[in-house]
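S.K.: Before I ask anything, let me first share the structure, which is written out below as structure tokens.
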Amino acid sequence: LSSPPPPPKQSSSLLPVDLVIHEHQHAKGLMSVKQLRDGIIAYKQQLLDKGRYSKVAVVLALQDAIERVELTLKKQKEEEAKATGKLSESVRIGHDEGENTLEGKSFDATSKTGKEVWGKWEQPDATKFQVRGEGYLKKRVKVKSKDFLFPLQHVEFLKVEGKEPLDHVCKHPSSWWEANKPGKEDFGLVFNIQVTSIGISAVMYHILPGGFAALEKECPRVAKMLKDLTETDDKMKLDEAFKFIPRVVTGPFIVRCAVKETPVIMGKKVTQKYFSSDRYLEVDVHVDSSYAANAIIKLAHAYSVNIEVDMVWLLEAKKEEHLPERVLA
């Protein structure tokens with residue numbers, strides 16, 4: 001910025017970020033909106049490093065500023081798109097049809113890791129999680145799980161506008177799945193964690209090369225259970241099938257206390273939707289539909305600069321022939 005006018009006098013209600021915005025307003029186009037957004041993020045980290053403000057105050061104040069800048073950036077893009085006639089229409093997400101006619105991309109059985117603008121992702125150690133062992137219905141003994149059946153291939157965070165969650169993300173033209181559809185013999189297990197209170201969908205893609213043929217060879221009992229779920233229209237059966245185990249690896253003490261490493265049948269706690277095709281089963285988990293889950297997310301969002309969480313899914317074994325349990329993804 002070249003010689004901006006003097007900033008307004010700072011009062012008790014004027015946050016440091018207002019000074020940054022004031023300077024930008026008089027920049028006469030010398031700073032782009034993206035540069036301002038990046039500057040605010042850097043400024044936030046400087047404040048935290050110097051310890052001048054509490055983490056909660058800095059996060060809440062600057063988050064509001066970043067959202068205002070994001071809105072300005074969006075409006076600019078829409079105006080540019082209208083000028084060039086390239087503004088796309090909204091897409092109605094429906095059921096996938098005809099996927100088995102596509103060749104698709106080939107995947108191997110190893111899990112992937114990735115680093116994104118929001119952080120990094122990788123597959124955790126499956127043996128750290130306790131599952132129902134053989135004879136559990138009588139002995140009530142849990143054992144370490146064997147390795148995941150579905151290797152993790154990708155994780156993406158999607159910014160979702162409005163109060164409605166983004167359902168059936170695999171069908172969305174901008175999703176990772178649409179750009180990386182697997183081969184017709186492979187099968188994907190997709191979990192879409194919808195957090196409308198902060199406008200986010202966290203989508204985890206797990207793809208097993210060879211699909212159900214490979215799954216039947218590795219673990220026949222789980223293959224049969226999962227196959228039945230892909231063919232049923234019984235929502236109650238689906239809601240009672242998927243078990244979730246969360247674990248906060250690193251994070252604030254208050255968040256670690258709030259999130260216990262306790263298995264939970266998510267369909268009994270929150271609203272879930274299910275979408276399937278010949279190549280995948282997608283489970284959409286609307287966590288905001290639970291008051292308790294929504295409170296924990298807001299707590300983590302307010303108190304955490306960095307947080308690492310393991311999220312593990314499996315099918316609950318209710319019959320002896322389904323034991324021992326095995327983590328899916």
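The values are calculated or read from the model by the stated rules, or taken from the named source; none is laboratory data. Being a predicted model, the structure only gives us computed values, none of them experimental. For neighbour counting, all protein chains shown are included, and Cβ atoms are generated from backbone atoms with ideal geometry for every residue, glycine included. The accessibility values were calculated without ligands, DNA or RNA, using every heavy atom of the protein model including side chains. Shrake-Rupley method; radii C 1.70, N 1.55, O 1.52, S 1.80 Å.
S.K.: From the list Thr250, Thr262, exactly one residue is more than 19 Å from Leu314 (Cβ to Cβ), at pLDDT below 90 and either among the polar types (S, T, N, Q) or open to solvent by 60 Å² or more (accessible area, probe 1.4 Å) (or both). Which is it? Lay out the reasoning, then the answer.
M.R.: Details: Thr262 fails: more than 19 Å from Leu314 (Cβ to Cβ).
Exactly one of Thr250, Thr262 is more than 19 Å from Leu314 (Cβ to Cβ), at pLDDT below 90 and either among the polar types (S, T, N, Q) or open to solvent by 60 Å² or more (accessible area, probe 1.4 Å) (or both), namely Thr250.
Residues checked against (1) among the aromatic types (Phe, Trp, Tyr); (2) outside any loop (DSSP other than H, G, I, E, B); (3) surrounded by 15 or more Cβ atoms within 10 Å (Cβ to Cβ); (4) at pLDDT 95 or above:
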position: Gly162; (1), (2), (3), (4): no, no, no, no
position: Asp167; (1), (2), (3), (4): no, no, yes, no
position: Tyr205; (1), (2), (3), (4): yes, yes, yes, yes
position: Lys243; (1), (2), (3), (4): no, yes, yes, yes
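S.K.: List the helices (runs of 4 or more DSSP H) that sit entirely inside the range 247-329 and contain at least 3 residues that are touching a residue at least 60 places away in the same chain (Cβ under 8 Å), out of contact with any strand residue (DSSP E or B) (no Cβ under 9 Å at 6 or more places or on another chain) and among the acidic types (Asp, Glu). Quick ask: steps written out before the conclusion?
M.R.: Working: elements: 253-258, 266-269, 291-303.
Filter on the range 247-329 gives an empty set.
S.K.: Moving on. I want to confirm something. Restricting to the range 133-156 and keeping residues that are in contact with a helix residue (DSSP H, G or I) (Cβ under 7 Å, 6 or more places away or on another chain) and open to solvent by less than 60 Å² (accessible area, probe 1.4 Å), which single residue is nearest to Glu325 (Cα to Cα)?
M.R.: The residue in question is Ser145.
S.K.: Take Asp233 and tell me if it is outside any helix (DSSP H, G or I), of a type outside the set (Gly, Ala, Ser) and more than 21 Å from Ser145 (Cα to Cα). Before the answer, list the steps.
M.R.: Numbers: outside any helix (DSSP H, G or I): yes; of a type outside the set (Gly, Ala, Ser): yes; more than 21 Å from Ser145 (Cα to Cα): yes.
Taking the combined requirement at face value, the residue satisfies it.
S.K.: Name the pairs: first residue in the range 141-154 and without any contact (Cβ under 8 Å) to a residue 24 or more places away in the chain, second residue part of a loop (DSSP other than H, G, I, E, B) and open to solvent by less than 60 Å² (accessible area, probe 1.4 Å), Cβ to Cβ under 8 Å, at least 6 apart or on different chains?
M.R.: Note: pairs meeting the criteria are Val141/Gly133; Val141/Gly135; Lys142/Gly133; Lys144/Phe129.
S.K.: Could you tell me whether Ala300 is under 25 Å from Lys142 (Cα atoms) and open to solvent by less than 70 Å² (accessible area, probe 1.4 Å)?
M.R.: On the way: under 25 Å from Lys142 (Cα atoms): no; open to solvent by less than 70 Å² (accessible area, probe 1.4 Å): yes.
No: the conditions fail for Ala300.
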